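The values are calculated or read from the model by the stated rules, or taken from the named source; none is laboratory data. Quick caveat: nothing in here was measured; it's all calculated off a predicted structure. Positions of Cβ are backbone-derived with ideal geometry, glycine not excepted, and every protein chain shown enters the neighbour counts.
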Amino acid sequence: MEKELIIMVIMIVAIASVTFTEGFKQYLRLRKVTKMEINQDELELLRKQNRHLESRVQTLEKIVTDGSYDLKQQINSL
(Lines give C-alpha, C1' and ligand atoms only; values in the text may rest on other atoms or scores of the structure.)
Protein backbone atom coordinates (compact mmCIF):
# COMPACT_ATOMS: atom_id res chain seq x y z
CA MET A 1 0.00 0.00 0.00
CA GLU A 2 2.84 2.37 0.79
CA LYS A 3 4.39 1.86 -2.66
CA GLU A 4 1.06 2.57 -4.35
CA LEU A 5 0.70 5.80 -2.39
CA ILE A 6 4.21 6.93 -3.35
CA ILE A 7 3.57 6.12 -7.02
CA MET A 8 0.25 8.00 -6.91
CA VAL A 9 1.90 11.07 -5.34
CA ILE A 10 4.69 11.00 -7.93
CA MET A 11 2.15 10.79 -10.77
CA ILE A 12 0.06 13.63 -9.35
CA VAL A 13 3.16 15.82 -9.00
CA ALA A 14 4.26 14.96 -12.56
CA ILE A 15 0.83 15.73 -14.03
CA ALA A 16 0.59 18.99 -12.07
CA SER A 17 4.09 20.00 -13.18
CA VAL A 18 3.36 19.36 -16.86
CA THR A 19 0.04 21.21 -16.63
CA PHE A 20 1.64 24.20 -14.92
CA THR A 21 4.53 24.28 -17.40
CA GLU A 22 2.24 24.21 -20.43
CA GLY A 23 -0.01 26.87 -18.94
CA PHE A 24 2.98 29.09 -18.24
CA LYS A 25 4.27 28.63 -21.81
CA GLN A 26 0.86 29.67 -23.14
CA TYR A 27 0.85 32.72 -20.85
CA LEU A 28 4.27 33.79 -22.12
CA ARG A 29 3.18 33.37 -25.76
CA LEU A 30 0.07 35.49 -25.22
CA ARG A 31 2.07 38.14 -23.39
CA LYS A 32 4.58 38.30 -26.23
CA VAL A 33 1.84 38.67 -28.87
CA THR A 34 0.13 41.39 -26.87
CA LYS A 35 3.40 43.24 -26.47
CA MET A 36 4.05 43.00 -30.22
CA GLU A 37 0.54 44.30 -30.99
CA ILE A 38 1.09 47.26 -28.69
CA ASN A 39 4.41 48.01 -30.33
CA GLN A 40 2.81 47.78 -33.80
CA ASP A 41 0.01 50.15 -32.77
CA GLU A 42 2.49 52.60 -31.29
CA LEU A 43 4.68 52.36 -34.39
CA GLU A 44 1.72 53.07 -36.68
CA LEU A 45 0.75 56.09 -34.55
CA LEU A 46 4.29 57.45 -34.76
CA ARG A 47 4.32 56.97 -38.53
CA LYS A 48 1.05 58.92 -38.86
CA GLN A 49 2.44 61.73 -36.71
CA ASN A 50 5.62 61.77 -38.78
CA ARG A 51 3.66 62.05 -42.06
CA HIS A 52 1.57 64.86 -40.59
CA LEU A 53 4.66 66.76 -39.44
CA GLU A 54 6.36 66.28 -42.81
CA SER A 55 3.30 67.78 -44.47
CA ARG A 56 3.38 70.77 -42.13
CA VAL A 57 7.09 71.32 -42.76
CA GLN A 58 6.55 71.21 -46.53
CA THR A 59 3.77 73.79 -46.23
CA LEU A 60 5.94 76.07 -44.11
CA GLU A 61 8.84 75.71 -46.55
CA LYS A 62 6.56 76.73 -49.43
CA ILE A 63 5.35 79.75 -47.49
CA VAL A 64 8.81 80.92 -46.49
CA THR A 65 10.44 80.35 -49.88
CA ASP A 66 7.59 81.90 -51.88
CA GLY A 67 8.79 85.15 -53.45
CA SER A 68 5.50 86.95 -52.93
CA TYR A 69 5.43 86.12 -49.27
CA ASP A 70 6.23 89.00 -46.99
CA LEU A 71 7.08 87.44 -43.66
CA LYS A 72 7.44 90.71 -41.81
CA GLN A 73 4.01 91.89 -42.95
CA GLN A 74 2.40 88.63 -41.90
CA ILE A 75 4.06 88.74 -38.48
CA ASN A 76 3.01 92.34 -37.93
CA SER A 77 -0.58 91.53 -38.89
CA LEU A 78 -0.73 89.00 -36.07
(request) Evaluate the range 2-10: report whether one residue or more is in a helix (DSSP H, G or I), loosely packed, with under 10 Cβ neighbours inside 10 Å, on the phi < 0 side of the Ramachandran plot and touching a helix residue (DSSP H, G or I) at 6+ places or on another chain (Cβ under 9 Å). (result) no
(message) What are the pairs with Cβ atoms under 8 angstrom where one residue, in the range 66-78, is assigned to a helix (DSSP H, G or I) and the other, located anywhere, is among the aliphatic types (A, V, I, L, M) and modelled with pLDDT of 70 or more? Sequence gap at least six, or different chains.
(response) Leu71/Val64
(request) For the range 36-47, indicate whether the set of residues that are in a helix (DSSP H, G or I), at pLDDT 80 or above, basic (Lys, Arg) and surrounded by 10 or more Cβ atoms within 10 Å (Cβ to Cβ) is non-empty. (result) yes
(message) Take Glu61 and tell me if it is modelled with pLDDT of 85 or more, surrounded by 10 or more Cβ atoms within 10 Å (Cβ to Cβ), among the charged types (D, E, K, R) and in a helix (DSSP H, G or I).
(response) no
